[in-house]
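> Have a look at this one.
The values are calculated or read from the model by the stated rules, or taken from the named source; none is laboratory data. Computed from a prediction, not measured in an experiment: that's the story for all the values here. Heads up, the Cβs are rebuilt from the backbone with ideal geometry, glycines too, and the neighbour counts pull from every protein chain shown.
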There are 2 protein chains.
Amino acid sequence: MRENVVVIGAVALGPKAACRYKRLNPEARVILLDRGRRISYGGCGIPYYVSGDVSDADELQSTSYHMVRNAPFFRDIKGVEARPRTEALAIDRAGKTVRVKNLDTGVEENLPYDKLVIATGSTPRKLPIAGADTPGVFAVADLDAAVAIRAQLTAGSVGRAVVVGAGFIGLEMAVALADMWGIETTVVEYAPTVLPTVLSPALAAMAQHHMEEKGVGFRLGAQVTRIEGEGKVERVVVKTASGEETIEADLVVMSVGVTPNTALAKAAGLEVSPRGGLVVDEEMRTSDPDIYAGGDCAEIKNLVTGQNFFLPLGSLANRQGRVIGDNLFGLHSRFEGAAGAWCVKLFEQSASGVGLTLEAALRAGFDAVSVLVSQFDRAHFYPDKAFMYLELVAERGTRRVLGVQGVCALGDALVGRIGAVSALMPHKPTTTDLSVLELPYSPPFNSAMDIVNVLGNVGENLLTGRNKSIDPLEFGALFDGPDEDGVFFLDCREQPSAEPLLKAYPGVWHNIPQGQLSKRLDEVPRDRKVVLVCNSGARSYEAFVILAHAGFDNVVNVAGGMSSLQNAGVDPKL
Amino acid sequence: MRENVVVIGAVALGPKAACRYKRLNPEARVILLDRGRRISYGGCGIPYYVSGDVSDADELQSTSYHMVRNAPFFRDIKGVEARPRTEALAIDRAGKTVRVKNLDTGVEENLPYDKLVIATGSTPRKLPIAGADTPGVFAVADLDAAVAIRAQLTAGSVGRAVVVGAGFIGLEMAVALADMWGIETTVVEYAPTVLPTVLSPALAAMAQHHMEEKGVGFRLGAQVTRIEGEGKVERVVVKTASGEETIEADLVVMSVGVTPNTALAKAAGLEVSPRGGLVVDEEMRTSDPDIYAGGDCAEIKNLVTGQNFFLPLGSLANRQGRVIGDNLFGLHSRFEGAAGAWCVKLFEQSASGVGLTLEAALRAGFDAVSVLVSQFDRAHFYPDKAFMYLELVAERGTRRVLGVQGVCALGDALVGRIGAVSALMPHKPTTTDLSVLELPYSPPFNSAMDIVNVLGNVGENLLTGRNKSIDPLEFGALFDGPDEDGVFFLDCREQPSAEPLLKAYPGVWHNIPQGQLSKRLDEVPRDRKVVLVCNSGARSYEAFVILAHAGFDNVVNVAGGMSSLQNAGVDPKL
């Protein structure tokens, strides 16, 4: 089938669609354009190149066996005609041609197409502030920008850096700067927490606390108002609730989100959503049946809300690329949407999640609740283990799982759990599905009752009123709050564990080991709020059951127990 | 609700059911019996206790915070009346009582029940051979047996050991003996491969090869005929295809499967399947509506075959325990079955899987095929990574995923992938579901196109005839086989990579880099079988497409490439 296929954009989705289609139809002529000089690189690897973990930029553009994916590679290995430094100027849908320009020679030509793929990606947003163009201010835009950042680091001229934006890339860049280069790094974020769209405040506090221990500074709820410097960046001025602050910086990394590149598609009259992404159907086809689009320039369906959303991730782009490759050949493959699975490594902690946070779920109109669980990621008797913290977001009534997010030092173990939940998300799982979820089991990898099963159980107890819990931040607010006298803090652990806190907070901290509670009920006030604490939340739940059975109705337990309080840095004295 | 519940068996399922029910119904009287002195221990941790990873046997019987789960623990913390060393002699279903005997005092009594739970577990099978009772021959039966084994190890009297059975526990015990105690260990297995019921021969070869590199010896396809020794074990005599062999041994561990303990239930007239397990419905109820059963003594539904099967795993027992606890209270929770997810750590390699192997699938009547894929578990440019090998078993026609198994040095990463597939199994996934499976993505954890997605893609190519592959063992058979001249071995890598093999096998090994193949087609014979090899299987697939397009119809590529050959130890010269 001698068809002409033109693919605009040669990072992630573009090459995948082009190569898959070419394999299906070796007789086709497939042209793969890109404005950039470098094509088909792993953009998500940029922070690891900046850190030095990846020694050479070429590695991000290479196959596992060190072949650089440049134009000759695509020609010889893939049979695809790749044209770097070539910009698509306009699409003539009636004539089925793309006007392109070679950015090196200036030569323009019209490329005829039978089928067209728009894979134009996205562009980092730029804050509209004074000094945003000062030399030394970078966006993590592409590999060339990364090379420029690393050159400046290598030159040794960077002692202090500011990262604007505490999303994935911002935090990864902060780790890269602070960890590998020892740079004094401050992250400035407009929202009051890190990773604000994907983590609850409690889990975000854990991630932030760990990064602070590693030396990264944070200014949250802070707005960058201007960037100053003579010829190069010297200072970032931020406004917080407590006033204006100036942070010295030799390097500024802007990471405040991306905007889909849809100008070309818009000009050609293709449908673009009010949110800014190209509209495609489940076969990744635009409003023109001969034009496909995907990756960062398109919107996809959110499998949890049922609404379209914008989720610029290299993994989704690659999978969509294959679907488009199939469909160019007429196979009718489908991309049904995404639940929004993600993960990020932050020094020795990792965070991962899928679906909605409680805040996002409430905003989307769900009658949602959340609960935090902590448990060792492996059998507790196995030598090498770490505490894992998982938060479940579920809908009342239906008990539907709307999201799960977590933090753990053993990142693969965490990502594995989130992956399993993610696999279920298209099937609209309930808490019961998590309770009985079948995971491979052996003591070096998990407990017989895996934390995901426990999460389902605890969620079900919560949704059926058999448990009530507060998270570490809610505990902190009560503990430091004005109504401290109104709250009875009851430590359910054995006496030696409770002792230090009994001494530190006499009259405030109380202790009845859970095993004695049913015989010492008269020591628990019936007219005050009772807050139960143990190590992980398991014994305080047993205590909750005892108190509930005895008619106490103003009791909560601290989800994740002392361990979650410590991890969230709620009270250093704890 | 003042109900009497009696639970027979206090390991895994029994305690879980008892405690869940007691929390739901604090007014109930719950009695938990066990023949053993130790109750509620993590039996799956026995190999880690034997190895010394777990220093004290009490740890296997403790909570995460070091409380030993003995009778006082159940009384004080859980409100459950636990009775160790108490045997259930008979169930009077009409009178609703259980006749029990205290094994220490000999006193018998009748315990009335409203609801009864049978959690009698299983007993290790014992080979009916001479010398099976010789001192120094152990089954991994319970924690007391483990204590006896470790005592013998600690005494320093064990220089050589034989493990009979290359299933999970057998291999874990072999690792424990060889790794931590430096004992010369030989594993004897009747089947021709290790982990024969859960791994393909090719993956089994990888696991075995790694264990051999760590010093463990194997006698496969070997039958133990007798055990000899004066007063203590001295020798194990095995029969193989090549004759009889005597292996010196100071310790023998028998690990040849378990038999469900159903005598009590049978005597009470409850339904037991011809395969030996108690028959229960999806609420874990036996043929008597007031009697529940689960764990190792019961059968469950295999979600892949739809038939009942016997899967004695602590993880399933725990989850079933909670379901039974719910149902004792009338909640009607369901346990729908299992797909058979498992994992095992063997020195620095791990293996994991879910569902059926190719052999099991064919035996179950599926028209099944399988394919092996290898890929780094993380982004290939990320510094700390390992090759992962996954094998897909799928049904022709429907493209249904019947099973996935794998081997990888980074065990959590492997188990995470299998967990995600396992989560899908109740939904009868197809290869397409794997192709688009949404996993959390970031370079420290995976590739943008995760190996599970690739597995789905490769499976689809296989099922649609777009790819044909052979596994390392099939390659080995061709390479060493009599028809060597009939086969054209074509290395598709660049010349420097192929060079050592061209020198080692002149006239047999050929090299055309895949990028040159379309121009050098005349060098490839059309009348011989062509076997394509590259590093990982990706480039040989590209070569396959080129040859197929050029009309070559007797071509296969080596799944997983050189990397899988090396891992399987197929040819040390490779």
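> With B:LEU311, B:LEU316 as the choices, which residue is assigned to a loop (DSSP other than H, G, I, E, B), free of Cβ contacts under 8 Å to residues at least 40 places away in the same chain, within 21 Å of the chain's Cα centre (by Cα) and more than 7 Å from chain A (Cβ to nearest Cβ)?
Answer to the check: B:LEU311.
> I've got another one for you. Within the stretch A:153-172, how many residues are of a type in the set (Ser, Thr, Tyr) and without any contact (Cβ under 8 Å) to a residue 40 or more places away in the chain?
Looking only at that region, the number is 1.
> Select, from B:MET180, B:MET206, the only residue that is surrounded by fewer than 20 Cβ atoms within 10 Å (Cβ to Cβ) and among the hydrophobic types (A, V, I, L, M, F, W, C).
When all the criteria are applied, what remains is B:MET180.
> Ok, one more. I need the full set of residues from the stretch B:257-267 which are surrounded by 18 or more Cβ atoms within 10 Å (Cβ to Cβ) and either touching an Asp or Glu at 6+ places or on another chain (Cβ under 8 Å) or part of a strand (DSSP E or B) (or both), in order please.
Across the stretch B:257-267, the qualifying residues are B:VAL258, B:PRO260, B:ASN261.
> Within the stretch B:425-442, take every residue that is under 18 Å from A:LEU414 (Cα atoms) and not hydroxyl-bearing (Ser, Thr, Tyr) and give me the one that is surrounded by the most Cβ atoms within 10 Å (Cβ to Cβ).
Out of the qualifying residues, it is B:PRO440.
> Going through B:ALA368, B:ALA409, B:ALA361, B:ALA386 one at a time, which residue ends up being more than 10 Å from chain A (Cβ to nearest Cβ), surrounded by fewer than 24 Cβ atoms within 10 Å (Cβ to Cβ) and modelled with pLDDT under 95?
On inspection, the qualifying residue turns out to be B:ALA386.
> Quick one: in the stretch B:419-468, of everything that is over 25 Å from the mean Cα position of the chain (by Cα) and of a type in the set (Asp, Glu), which residue is farthest from the other protein chains (Cβ to nearest Cβ)?
Checking each candidate, the answer is B:GLU460.
> Mind listing just one residue for me: the one in the stretch A:54-77 that is of a type in the set (Asp, Glu) and more than 7 Å from every other protein chain (Cβ to nearest Cβ) and, of those, surrounded by the fewest Cβ atoms within 10 Å (Cβ to Cβ)?
A:ASP56
> Condition test on A:ARG2, is it assigned to a loop (DSSP other than H, G, I, E, B), more than 10 Å from every other protein chain (Cβ to nearest Cβ), over 18 Å from A:ALA148 (Cβ atoms) and more than 25 Å from the chain's Cα centre (by Cα)?
yes
> For the stretch A:319-358, name all the residues that are in a loop (DSSP other than H, G, I, E, B), aliphatic (A, V, I, L, M), more than 15 Å from A:GLU282 (Cβ to Cβ) and within 12 Å of chain B (Cβ to nearest Cβ).
A:ALA339, A:ALA341
> Then there's this: Output the residues belonging to the stretch A:469-510 that are within 14 Å of another protein chain (Cβ to nearest Cβ) and touching a residue at least 24 places away in the same chain (Cβ under 8 Å).
A:ASP491, A:CYS492, A:ARG493, A:SER497 - these are the residues of the stretch A:469-510 that are within 14 Å of another protein chain (Cβ to nearest Cβ) and touching a residue at least 24 places away in the same chain (Cβ under 8 Å).
> Follow-up. Select from the stretch B:277-323 the residues that are surrounded by fewer than 23 Cβ atoms within 10 Å (Cβ to Cβ) and touching an Asp or Glu at 6+ places or on another chain (Cβ under 8 Å) and list them in ascending order.
B:VAL279, B:GLU282, B:SER287, B:ASP290, B:LYS301, B:LEU303, B:ASN308, B:PHE309, B:PHE310, B:PRO312
> While we're on this one: How do the strands (runs of 3 or more DSSP E) wholly within the stretch A:28-100 filter down when requiring 3 or more residues that are hydrophobic (A, V, I, L, M, F, W, C): which remain?
In the stretch A:28-100, A:29-33, A:86-92 are the strands (runs of 3 or more DSSP E) which contain 3 or more residues that are hydrophobic (A, V, I, L, M, F, W, C).
> Let me ask something else about it. Does at least one position in the stretch A:534-557 carry a residue that is more than 14 Å from chain B (Cβ to nearest Cβ), at pLDDT 95 or above and under 32 Å from the mean Cα position of the chain (by Cα)?
Yes - at least one qualifying residue is present in the stretch A:534-557.
> Which residue out of A:VAL252, A:VAL272, A:VAL280 is β-branched (Val, Ile, Thr) and closer than 29 Å to A:VAL421 by Cβ?
A:VAL280
> I'd like to check something: does the stretch B:39-53 contain any residue that is surrounded by fewer than 20 Cβ atoms within 10 Å (Cβ to Cβ), over 35 Å from the mean Cα position of the chain (by Cα) and facing chain A (nearest Cβ under 10 Å)?
No; the residues of the stretch B:39-53 include none that is surrounded by fewer than 20 Cβ atoms within 10 Å (Cβ to Cβ), over 35 Å from the mean Cα position of the chain (by Cα) and facing chain A (nearest Cβ under 10 Å).
> Which condition number does B:ASP296 fail, the rest of (1) farther than 30 Å from B:LYS428 by Cα; (2) outside any loop (DSSP other than H, G, I, E, B) being met?
Every listed condition holds for B:ASP296 apart from (1).
> Consider A:ASP76 carefully, then state whether it is modelled with pLDDT under 95, more than 29 Å from the chain's Cα centre (by Cα) and within 30 Å of B:PHE544 (Cα to Cα).
Yes, satisfied.
> Shifting gears a bit: Within the stretch A:109-182, considering only strands (runs of 3 or more DSSP E) that don't extend past its boundaries, which have at least 3 residues that are over 25 Å from A:ILE8 (Cα atoms) and within 14 Å of chain B (Cβ to nearest Cβ)?
Counting at least 3 such residues, we get no strands (runs of 3 or more DSSP E) at all.
> Name the residue, out of B:SER157, B:SER200, that is hydroxyl-bearing (Ser, Thr, Tyr) and surrounded by 15 or more Cβ atoms within 10 Å (Cβ to Cβ).
After ruling out the rest, the residue left standing is B:SER200.
> Could you grab me the full set of residues in the stretch B:272-295 that are in contact with a Leu (Cβ under 8 Å, 6 or more places away or on another chain), touching a residue at least 40 places away in the same chain (Cβ under 8 Å) and of a type outside the set (Phe, Trp, Tyr)?
Once the filter is applied, which keeps residues that are in contact with a Leu (Cβ under 8 Å, 6 or more places away or on another chain), touching a residue at least 40 places away in the same chain (Cβ under 8 Å) and of a type outside the set (Phe, Trp, Tyr), the stretch B:272-295 yields B:LEU278, B:THR286, B:ASP288, B:ASP290, B:ILE291, B:ALA293, B:GLY294, B:GLY295.
> While we're looking at this one, here's another question. Please give the number of the condition A:VAL404 fails out of (1) surrounded by 24 or more Cβ atoms within 10 Å (Cβ to Cβ); (2) in the same structural domain as A:ILE451 (by TED's automatic domain parsing); (3) β-branched (Val, Ile, Thr); (4) over 16 Å from the mean Cα position of the chain (by Cα).
All conditions pass for A:VAL404, except number (4).
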